[in-house]
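Take a look at the structure set out below.
The values are calculated or read from the model by the stated rules, or taken from the named source; none is laboratory data. Fair warning: this is a prediction, and the values are worked out from it, not measured in the lab. Don't worry about glycine lacking a Cβ; one is built from the backbone with ideal geometry, like all the others, and counts go over all protein chains shown. The accessibility values were calculated without ligands, DNA or RNA, using every heavy atom of the protein model including side chains. Shrake-Rupley method; radii C 1.70, N 1.55, O 1.52, S 1.80 Å.
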Number of protein chains: 4
Amino acid sequence: MRMLNNFCKEYRVYYEDTDSGGVVYYANYLKFLERARTDFIRSLNISQSEIIAKHNLAFVVKSCKVNFIKPAKLDDLLLVSVNIKNVGIASIAIYQEIFCDSKIISKAEIEIVFVDLKSFKPKKIEKSLRDILMSKVAI
Amino acid sequence: MRMLNNFCKEYRVYYEDTDSGGVVYYANYLKFLERARTDFIRSLNISQSEIIAKHNLAFVVKSCKVNFIKPAKLDDLLLVSVNIKNVGIASIAIYQEIFCDSKIISKAEIEIVFVDLKSFKPKKIEKSLRDILMSKVAI
Amino acid sequence: MRMLNNFCKEYRVYYEDTDSGGVVYYANYLKFLERARTDFIRSLNISQSEIIAKHNLAFVVKSCKVNFIKPAKLDDLLLVSVNIKNVGIASIAIYQEIFCDSKIISKAEIEIVFVDLKSFKPKKIEKSLRDILMSKVAI
Amino acid sequence: MRMLNNFCKEYRVYYEDTDSGGVVYYANYLKFLERARTDFIRSLNISQSEIIAKHNLAFVVKSCKVNFIKPAKLDDLLLVSVNIKNVGIASIAIYQEIFCDSKIISKAEIEIVFVDLKSFKPKKIEKSLRDILMSKVAI
């Protein structure tokens, strides 16, 4: 599944990311996935910390499905992609891949919800923000 | 889905687990899930560090599907369950739940593979180990 | 340096704590130290999350000096101590040790400040809280 | 203390680095410090993973003294410096600073030892490696 309109960024594997099995600890791949989503959002000139400060609203992960295909190791340079598949009223469906040495090592389906940080109830993504995200839906 | 034969253990939420959204960081729920799987394995008198030291073999996560239903907060006491659904030649299918104040807050389907830590190729789970795991399949 | 009046608690080392050097990642010892401080505070019936919710005040670390004497490994059970050395107007000096198999593996001097979480300016520790802490100064 | 011969690199603060106090979790500053040391070593064309693979030797932290001056927040871009102060037979003394918006927010004294990863006994830093490190002593 190769997509247009996607965002990619590189992240280095440091000691902190690995475990005594000699490879990246499984939960830490989700950190790389989140960094890429955050950098993607930033690349759209949307400031998450500003949305929190102003409205106390934030994007939170509702579900994730991750396949760990090959392990990454210390010093590896990972390329992480972000592809918006769908933008709903209060949610976003994202598909992500992690590559190392041009080989896919992980893939993930992430469901994001826009919520009020006090109640954790879903909130409508405001039109201007939604328009930006819609324009980035990968095809 | 309530199961028999399952394992449960409590884990506390500390500052390290939370993020600036005020709740547990999404990837950190996977740490709680892994701690419970490790403590479950230990409760069966299987030593993972011994299996690594002797055979350089280990259980690694091949895929995970996690639903984040409600957030956990600082100081919360989480109850994490482990239910073996199926034991294959080189793999185990596990279902886990996380509870807080008797309410389910996360559920996860985890696929584990038994691999050689050098090649990361799947290895047959040896009979004695497999028998123990099979006897714990949740019903 | 053996102290009276101190608090001790055990914490298990999981995969998440280790790195590809085969031992606990150096920054993660600070997590074990902080868990013990938090559990010590909880044992005094002081709720940190309540103090934050009510007053937006919290204890934060101003400085730490940690000696890593021996490494801890996967599955190790660590015993972590907390000894209050001094309680100031807005600060606490703490000495901590980490033991594994009855041997000291780390020791730490921690300086804590009580701050307003908005301004991060030091705030006077209120008398009732200060009295409880003073009564626990290790001798 | 401004030094010549030092190494600097920028690192972004993500959700994973923060805690529910709204700022970077104290132990996570040590991750940023370690990333900078690793990237510094890499900039000298020294491969830590190769030294481990070939000789099972590695640089490990023996002690650290960290002052947390101001907190960093989500989305902050941190500039982390590495200054070698002294190179011994089996050890390195390093001074590091973390800056945010051109203001110093943390400073750290780190003592590194070169050890055998099996015994964790100190090992002489081999001459070629020592010469490279000596040439980078900050003045």
key: Residues located in the stretch D:1-14, provided they are in contact (Cβ under 8 Å) with a residue 24 or more places away in the chain and open to solvent by 20 Å² or more (accessible area, probe 1.4 Å)   = D:Met1, D:Met3, D:Leu4, D:Asn5, D:Asn6, D:Phe7, D:Cys8, D:Lys9, D:Glu10, D:Arg12
inquiry  = If the requirement is being in contact (Cβ under 8 Å) with a residue 24 or more places away in the chain and more than 27 Å from A:Ser20 (Cα to Cα), which of these qualifies: B:Phe68, B:Phe120, B:Phe114, B:Phe99?
reply    = B:Phe68
key: Per-region count, the stretch B:97-109, residues under 10 Å from the mean Cα position of the chain (by Cα) and more than 12 Å from B:Tyr29 (Cβ to Cβ)   = 1
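Residue-wise test of (1) over 16 Å from the mean Cα position of the chain (by Cα); (2) closer than 30 Å to D:Ala53 by Cα.
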{"residue": "A:Lys62", "(1), (2)": "no, no"}
{"residue": "A:Ala72", "(1), (2)": "yes, yes"}
{"residue": "A:Asp76", "(1), (2)": "yes, yes"}
{"residue": "A:Leu79", "(1), (2)": "no, yes"}
{"residue": "A:Gly88", "(1), (2)": "yes, no"}
{"residue": "A:Tyr95", "(1), (2)": "no, no"}
{"residue": "A:Val115", "(1), (2)": "yes, no"}
{"residue": "A:Lys123", "(1), (2)": "yes, no"}
{"residue": "A:Leu129", "(1), (2)": "yes, no"}
inquiry  = Tell me yes or no: at least one residue of the stretch B:29-40 is in contact with an Asp or Glu (Cβ under 7 Å, 6 or more places away or on another chain), within 27 Å of A:Lys121 (Cβ to Cβ), in contact (Cβ under 8 Å) with a residue 12 or more places away in the chain and surrounded by fewer than 20 Cβ atoms within 10 Å (Cβ to Cβ).
reply    = no
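Matching residues to (1) more than 14 Å from chain B (Cβ to nearest Cβ); (2) of a type in the set (A, V, I, L, M, F, W, C):
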| residue | (1), (2) |
| --- | --- |
| A:Phe7 | yes, yes |
| A:Asp17 | no, no |
| A:Gly21 | no, no |
| A:Gln48 | no, no |
| A:Ile52 | no, yes |
| A:Lys62 | no, no |
| A:Asn67 | no, no |
| A:Ile84 | yes, yes |
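Got a sec? Which of A:Glu126, A:Glu97, A:Glu109 is acidic (Asp, Glu) and within 11 Å of chain B (Cβ to nearest Cβ)?
After applying the criteria, what remains is A:Glu109.
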query = Mind checking whether some residue in the stretch B:49-59 is in contact with a helix residue (DSSP H, G or I) (Cβ under 9 Å, 6 or more places away or on another chain), within 22 Å of A:Cys64 (Cβ to Cβ) and surrounded by 18 or more Cβ atoms within 10 Å (Cβ to Cβ)?
reply = yes
key: Selected residue (criterion: farthest from B:Lys73 (Cα to Cα)) from residues of the stretch B:15-28 that are open to solvent by less than 20 Å² (accessible area, probe 1.4 Å) and not hydroxyl-bearing (Ser, Thr, Tyr)   = B:Ala27
